[in-house]
1. If residue 256 satisfies every condition in (1) exposed (fewer than 15 other Cβ atoms within 10 Å of the Cβ); (2) within 24 Å of the chain's Cα centre (by Cα) but one, which is the exception?
2. Which members of segment 109-122 meet the condition of being within 26 Å of residue 200 (Cβ to Cβ), in contact with a helix residue (DSSP H, G or I) (Cβ under 6 Å, 6 or more places away or on another chain) and in contact (Cβ under 8 Å) with a residue 60 or more places away in the chain?
3. Only one of (1) crowded, with 22+ Cβ neighbours inside 10 Å; (2) not in a helix (DSSP H, G or I) fails for residue 379. Which number is that?
4. On the basis of being within 36 Å of the chain's Cα centre (by Cα) and surrounded by 21 or more Cβ atoms within 10 Å (Cβ to Cβ), does residue 113 make the cut?
5. Would you check if there is a residue in segment 190-199 being farther than 29 Å from residue 330 by Cβ and surrounded by 15 or more Cβ atoms within 10 Å (Cβ to Cβ)?
6. What helices (runs of 4 or more DSSP H) completely inside segment 406-519 contain at least 2 residues that are crowded, with 18+ Cβ neighbours inside 10 Å, in contact with a strand residue (DSSP E or B) (Cβ under 8 Å, 6 or more places away or on another chain) and touching a residue at least 12 places away in the same chain (Cβ under 8 Å)?
7. Quick one: how many residues across segment 79-108 are within 19 Å of residue 148 (Cβ to Cβ) and either touching a residue at least 60 places away in the same chain (Cβ under 8 Å) or in a helix (DSSP H, G or I) (or both)?
8. Among the listed residues 273, 309, identify the single one that is touching a strand residue (DSSP E or B) at 6+ places or on another chain (Cβ under 6 Å), surrounded by 13 or more Cβ atoms within 10 Å (Cβ to Cβ) and part of a helix (DSSP H, G or I).
């Protein structure tokens, strides 16, 4: 498919490529200036693709027969990368460099060629002349394809049109690509294919690579803030557990053959981190993968990244402050500002955030004042009026929670903290001393999404045991998301958990918000996908 451009009338600066006044002066070519297409502009059929793959395998076989098998090469010494070369260029200085990257464009002009390679920083143009690398090497070089990975030694210069490039003195094939990349014009646009073949997505779409660089910067800044500014210790806790506790969710179940027991992937790391707080680690956190066997949509993936932290001798307000700082600093790390744009909306994430109780939210958006409703019977009449499922079995607290979820969350653009969660839906939170029907718990919302959940931790082992017992009864009656009994955790509380503030943040959702990603799959390198059927 490579086009021979020797007779192309669009030769730069009106010079014939083989009759230059100065053979050592490179033409003013570039990715766009001379208008010459790269070798993979045409659309090809599936049959043609198969033929092209076969041709590439034949090229590889010839190289191997010549004793030039690229897959036997182990390393290449890289001294510089594309963006650094362009930023540090000084006019008149021909700095020697050794670079490597994937061929993304190839423009042949007789005895010279222009090649664009892509490395971890971006792209840079190479100028390869036959007389600079020998005619024999140049003929081999001309067999290389889009997608091949090459190493190049040469010097940096500037073309007549001002493009910083590398004049090659040596070109070595490091990896032969025997697959065909999407063509330049169409790119890789199919969303499902992008998720399934993320490696191709990263090659073809620079903005995707940049998004994951931002993700890494966000996580790095969160960890730096917690460790350097707040003196938290990062720890690791089990992913594979016998009891999947710390949240109300359905776990993934597997079987350990040696022990002959069922085990579960963690849905939360909360209970292990609290055990560490009992053991004397006053400030601990862990960021890692959690697993929940639940539905999938733009905000949910079965495997996701969450961060939890626990601060001994802290309370709900302390971890609310940490929440504001973690989320706002994530925005700062990604965009240089605490004000973000998400899908046409603007959010100022700078602290302090608004506070609103769940009961006041229901009063504001549903119009029901639960200060005037004190009994479960009265609350059930409200539940019946608003057509809540199983309204006959609901308590006052559950009616408040379900009305909030059904009618209020859609208005929580935020950032806003919702407080005052009923004890029925908060089995691990400390009761509010002013109203024991609610807990010292909060949820943080941005763009109507819950991004964080925290509370003053329940450290009363007797109360905790009774709440677990109630949850266990719900589990045994068929609620697969109810919290199981964890007697060892109750034992840890009996040893003594100091007053503690705890926090869980959905890292993936925060990254979605601050990078303006439409789906959680966009910010997970390899999201969960249904296998392709043959």
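1. Failed condition: (2).
2. 122
3. In the conditions (1) crowded, with 22+ Cβ neighbours inside 10 Å; (2) not in a helix (DSSP H, G or I), residue 379 misses (2) alone.
4. Details: within 36 Å of the chain's Cα centre (by Cα): no; surrounded by 21 or more Cβ atoms within 10 Å (Cβ to Cβ): yes.
No; evaluated as a whole, the condition is false for this residue.
5. Our first condition is that a residue be farther than 29 Å from residue 330 by Cβ; within segment 190-199, this holds for 190, 193.
Those still in the list that are surrounded by 15 or more Cβ atoms within 10 Å (Cβ to Cβ) too: none.
No, that holds for no residue.
6. Numbers: elements: 461-476, 487-496, 507-515.
So the answer is 507-515.
7. Going through segment 79-108, the residues within 19 Å of residue 148 (Cβ to Cβ) turn out to be 81-82, 98-108.
Retained after the next criterion (residues that are either touching a residue at least 60 places away in the same chain (Cβ under 8 Å) or in a helix (DSSP H, G or I) (or both)): 82, 99-100, 102, 104-108.
Result for segment 79-108: 9.
8. After applying the criteria, what remains is 273.
Read-outs: derived from the displayed coordinates by stated rules, not from any lab. Only a predicted model underlies this, so the values are computations on that prediction, with no experimental measurement involved. Every residue, glycine as well, gets a Cβ built from its backbone with ideal geometry; the counts of neighbours run over all protein chains shown.
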